[in-house]
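**Student:** Sharing a structure with you now.
No lab work stands behind these numbers, since they all come straight from the coordinates. This structure is a prediction, so every number in the text was calculated from the model and none was measured. Positions of Cβ are backbone-derived with ideal geometry, glycine not excepted, and every protein chain shown enters the neighbour counts.
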Amino acid sequence: MPNSQAKKGLFQFYPHNLIWLGLSVLAIVLDQWTKWIASTHLNYADPVPVLPFLNWTLLHNYGAAFSFLSDAGGWQRYFFTSLAGLVSILFVFWLLRMPKKMVVLPVAIALILGGALGNLIDRITLGYVVDFIHVYYQNHHFPAFNIADSAITLGTILLLIDTFFLEKQRPKNSDA
């Protein structure tokens with residue numbers, strides 16, 4: 001059996017997958033940089049119009065997506081920090097073991113990982129997540145979000161596309 005087809009152990013990985021970790025790092029850097037800009041240049045909860053449907057509005061999110069559980073009394077910080085940390089570790093292992101021919105799935109996992117870690121950094125260092133992108137139409141407002149949330153959303157969409165449309169087309173035994 002050629003070496004490229006040998007079964008890998010739990011802690012072995014394919015070096016070509018380091019590029020996907022690079023995508024995660026890029027998502028983290030862009031997220032943290034834009035949050036820093038928002039935190040240093042915007043006044044809290046004071047909208048700055050950008051486009052007729054977009055404001056920059058600095059907000060602090062103590063909960064999860066869309067401020068879910070933001071008023072739960074503080075335990076949610078530790079819960080979401082632990083959850084994001086555990087999922088991130090699992091995603092790193094999964095990402096590093098992807099076969100070489102896969103593209104959409106590792107991009108999806110890399111984006112979700114980068115977004116989760118971007119928000120995790122905020123939770124650990126600040127106790128909340130910095131949100132600043134505020135999209136609306138007339139009196140209909142979407143909850144504020146950030147680059148990490150966008151990476152998670154895009155990654156999830158790609159993961160669903162891979163799961164429902166691309167997975168069926170993959171050969172069962174992909175070479176690394």
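**Student:** How high is the FRET efficiency between LEU18 and SER39 when r is their beta carbon distance and R₀ equals 41 Å, given to the nearest 0.05?
**Tutor:** Numbers: r = 31 Å, r/R0 = 0.75.
According to the calculation, E is roughly 0.85.
**Student:** Taking 0.36 nm per residue of separation and subtracting the Cα-Cα distance, what length does fully extending THR125 through ASP46 add? Working shown, then result.
**Tutor:** Details: separation 79, 0.36 × 79 = 28.44 nm, distance 2.32 nm.
Once the chain is fully extended between THR125 and ASP46, it gains 26.1 nm.
**Student:** By counting other Cβ atoms within 10 Å of each Cβ, how are TYR78, TYR62, TYR136 ranked from fewest to most? Working shown, then result.
**Tutor:** Details: TYR78 10, TYR62 19, TYR136 15.
Least to most surrounded, the residues fall as TYR78, TYR136, TYR62.
**Student:** Efficiency by 1/(1 + (r/R0)^6): what FRET value for TYR137 and THR81, r their Cβ-Cβ distance, R0 = 30 Å, to the nearest 0.05? Intermediate values should be presented prior to the final figure.
**Tutor:** Values: r = 34 Å, r/R0 = 1.12.
It comes to 0.35.
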